[in-house]
1. Conditions: (1) surrounded by 15 or more Cβ atoms within 10 Å (Cβ to Cβ); (2) assigned to a helix (DSSP H, G or I). CYS80 meets all but one. Number of the miss?
2. Filter the stretch 12-46 down to the residues that are surrounded by 14 or more Cβ atoms within 10 Å (Cβ to Cβ) and part of a loop (DSSP other than H, G, I, E, B) and list them by number.
3. Test of understanding: among GLY33, GLY24, which residue is in contact (Cβ under 8 Å) with a residue 12 or more places away in the chain and not aliphatic (A, V, I, L, M)?
Amino acid sequence: MTDFPLLDNINTYIVNPIIGLLFGLALLYFMYGVAVFIVNGDNDVKRREGASHMLWGVIGLFVMVSVFGIMKIICTTIGCN
């Protein structure tokens, strides 16, 4: 049992599922960018669009991993799971 059961429940049942969902969406967005980039090999505008999707997908993945890491550090520091 933790010292902060409410914070532990919020982290377990709200924050972690949202982070997982957003991580999945960012991954899908990245994969969509890869598909656009590959399929439109001869169209420079579409390739730039695909590269932009890939860039923002990677940024989204980085943000989600960072948020997850920060939440883990906070929970470890204050004693929640």
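No lab work stands behind these numbers, since they all come straight from the coordinates. These numbers come from a predicted model, not from an experiment. All Cβ positions, even for glycine, are placed from backbone atoms using ideal geometry, and neighbour counts span all protein chains on display.
1. In the conditions (1) surrounded by 15 or more Cβ atoms within 10 Å (Cβ to Cβ); (2) assigned to a helix (DSSP H, G or I), CYS80 misses (2) alone.
2. ASN40
3. GLY33 is the lone residue from the list that is in contact (Cβ under 8 Å) with a residue 12 or more places away in the chain and not aliphatic (A, V, I, L, M).
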